[in-house]
Every structure is written in structure tokens, then in C-alpha cells.
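Working notes, beginning with the structure itself.
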Amino acid sequence: MSYKQTKIWSVDNSFESEENLRLLREAALWIKKGEVIAFPTETVYGLGANALEEEAVKKIFEAKGRPSDNPLIVHIAETHQLKELVADIPTVAEQLMKHFWPGALTLIFKKKQVVAPSVTAGLETVAVRMPDHDVARALLKEAGVPVAAPSANLSGKPSPTTAQHVYHDLVGRIRGIVDGGKTGVGLESTVLDCSKPVPVLYRPGGVTKEEIEAVIGPIEVDPALLAADQTPASPGMKYKHYSPVGTVYLVQDTAKIPDLVSRAKKDGKRVGVLTTVENEGKYEADVVVACGSRMKLATVASELYQSLRRFDDDEVEVIFAEMFPYEGLGIAIMNRLEKAAAGEIR
Ligand code: TXA
Ligand code: MG
């Protein structure tokens, strides 16, 4: 499928204005008509289609070049929509929804048959979340249907945190983009399987394991998140992901970076360093990107994908990246960096 024009609907901060609503209605109409449009959420931009219509959902996979065995998350605006989609709502899920919805927590349930088969890639479960973003929820309400939406990047590329990223990846491949500015969290939602007797964490994300456990007690973690030789329970986690064009190396001992940089430069490479504001001045690479502050990991999460894309813009060939502590949001940040990286230097 290709489109002569990928329309952009720019909504501003006074999102309840008549003009914004008119724009969102127009975008929502395309969803109702079975087309695919991108929209902002609090995590990353999503690529949405009517989750109840198989033909519409297939267009998402086509536009992204997404493997068909990788299921999508269904987005809803109101809790009552959940009952249409899922066969059972366990008590733990109810507790989590009360605490974290709307928000960056995706819950997996046993599905009902109304959900289009491609959404779940043939699985008997469906992933659902309610985004914490005014524009997203206004759009979902206007569309009046549950909306299946993966991140709005080409498969394998860093997820988009601005409408410009979406445009870069998908222009001509989708009907339109709702531009609601930069997203906040910057990393995708946490994915938790509630269809199991004890909930299992499949993907670390915007809501941390500690925060979840504070509400429902101990949960399990998919062993594949801890050991590289295991097959992940969540199909999307097995793919290499989030990668810039250049080769990324994670460097544990940052004191080694200046030397790594000069050696790569001697080899004739264009070299980048991914660091934070604290260490920005320490490196003399071709491109040094300060991604937030170590003192506030939320700022690192928020800027991570745009930072990775910066290296592509500057045609960097080798990227040395500082690492982050494996705790709190650091777990999600390191999960994405590990997927972006070709290896680690100690
Ligand atoms: O923050 C987010 O979650 C963003 C925004 C747009 O909402 N969406 C997003 O979607 O990151 P996507 O498609 O990039 O990632 C969905 C993840 C994949 O790893 C997929 O395999 C997993 O959720 N998933 C979806 N349904 C599943 C299911 N029934 N069982 C196991 N994993 C599932
Ligand atoms: Mg994605």
C-alpha cells in the first residue's frame, strides 16, 4: 500500500479547542474507514487501526514491515471497553488498572473472538492498555473502536518520540499522522501477562517492577529477560530492535571510551558517543550526544530514542554508549540499549 500524501494533523496544547477536535475527528474518520494513522501517546507514537477489523490491522504490519508473528497492543479510552475484548479480568488486573491506568502499563488477558486475528498473531491472549495522553484518548473516543497500535517506526528502528520521526520512517506508507508534539516517557509501556496464575513481566517499560509489586506483591519475570539463550514469551522481544544504522557498543568502564574513540577514528570511522550531561565534555568524538542526566533516569528514558536517531542523521558508523544502573527505570533503558547494541566492552 502506498499513499500519495501522508496527511499531518497538528494539534496544539489547548487540545479541547474546536479546531483540535475537528482535526481529531478527521483523523478518527480514517480509522473508522479501516485506514492506518499514527498518533502520540505518553510513551511513544503508535500506529493505529481498528482492532476489530482484520483488513485494517493487516495494513499496520505492511506499513511497518513487521513480522506477522508479533502481536499488537490494543488501546482503549475507557475501562468499559475492556469487557468487549477480554474473556476474563483477574483481580490483580483490576488492582493494577486502578493504580496505573491511564498509563504505561500493558496488561495481557485471555481474549474474546471479536479481536481481529492478526492483532494477537494467533495467540489466545490479547494485550491492552489505556494511554495517559489527552490527544490519544480524544482520538480513541472519536474513533469509537478499540485501536491496535504498535510503535510507529519501521520494524527494527528506534521507536518514534516525535511526529517527525514517524514521518521519516513511514511517509507514503500510512494515511496520516496526528502531531501532538514530543512524547513524555520516551520508552514503551511495561508488558505484564495477567492471564497467568502469577503475573509475568515480559517487557520492562515506563512502569517499573518495583511499582507493580508495591500494588500486587511479587510477580515473575520472563527468564528470557535475564538470559540471552531463552526464547521470550513475548514474541516482539526476540527481535533485534531499536537500532541505529551505526554499530553500537555498550561500554561498562567509561574511562576506556576516549581510547576506543581514538582507535576507531584511526580506522577511518565516523565515531559517536552516547553519554549524559554529566560526562558530555569528556569525549572528542565526531558526534557526542548527551541523553538526559544520570541523576534523573526519566530524562534519559525520555531522550533515548531521539538520541539514537541523531547518530543516523549524522551518519555515524560506530557508537560507544555509556551504561546505566540495572534498577528502576534503568532496567528498561538497559533492555533497549542491549537490543540496540552489537556487544559490550568491559
Ligand atoms: O508504549 C507502548 O507500548 C507503545 C505505544 C504505542 O502504546 N506500543 C508498543 O507496541 O510498544 P509494540 O508493538 O512496539 O510492542 C508490543 C509488545 C511486543 O513485544 C509484543 O510481542 C508484545 O507487546 N505483545 C503484544 N501482545 C502480546 C501477547 N498477547 N502476548 C505476549 N506479548 C504480546
Ligand atoms: Mg515497537
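Rule-based calculations on the coordinates, nothing more; no lab input. Here the structure is a predicted model, which means the values were calculated and not measured. Cβ coordinates were reconstructed from backbone atoms using ideal geometry, including for glycine residues, and neighbour counts include every protein chain displayed.
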Neighbour net charge for R175 - beta-carbon separation under 10 angstrom, K R +1, D E -1: +3
From fewest to most C-beta neighbours within 10 Å, the residues F320, F61 line up as F61, F320
Computed over region 247-341, the distribution of all Cα-Cα distances in 5 Å bins, rounded to whole %, is 3, 14, 27, 27, 18, 8, 2, 0
Just going by the charge dipole of region 247-341, with Lys and Arg at +1 and Asp and Glu at -1 on Cβ, which of T247, V318, I331 is farthest out on the positive end? I331
Express the relative contact order of the chain as a whole percentage, based on alpha carbon pairs under 8 Å and six or more residues apart in sequence. 19 percent
About the Cα centre of region 46-156, how large is the charge dipole given +1 on each Lys and Arg Cβ and -1 on each Asp and Glu Cβ? Please answer in debye to the nearest 20. 120 debye
Can you give the FRET efficiency to the nearest 0.05 for D313 and K110, using r as the Cβ-Cβ distance and R₀ = 30 Å? 0.10
Quick one: Cα centre-to-centre distance for region 78-141 and region 196-250, in angstrom? 19 Å
Rounded to two decimal places and with Rh computed the Kirkwood way over Cα pairs, what is Rg over Rh for region 303-346? 0.97
Towards the positive end of the charge dipole of the chain, with charges on Cβ (+1 Lys, Arg; -1 Asp, Glu), say which of P131, A233, G103 has the farthest Cα. A233
So how long is each side of region 125-175 along the principal axes, counting just the alpha-carbon atoms, biggest first, in Å? 28, 26, 19
At R0 = 30 Å, FRET efficiency that the Cβ-Cβ distance of K339 and S2 yields, to 0.05: 0.55
Strictly greater than 24 Å: what percent of every Cα pair in region 155-307 meets that? 50 percent
Can you bin every Cα-Cα distance in region 78-144 into 5 Å intervals starting at zero and give me the percent of pairs per bin, rounded to whole numbers? 4, 16, 26, 24, 20, 9, 0
Report, please, the projected area of the chain averaged over directions, based on the convex hull of its C-alpha atoms, in nm². 17.2 nm²
Run the dipole for the chain about the Cα centre, Lys and Arg Cβ at +1, Asp and Glu Cβ at -1, nothing else charged, and hand back the magnitude in debye, nearest 20. 680 debye
Quick check on my link table: of K83/K141; K98/K238; K110/K157; K4/K33; K157/K182, which ones sit more than 21 Å apart, alpha carbon to alpha carbon? K98/K238; K110/K157
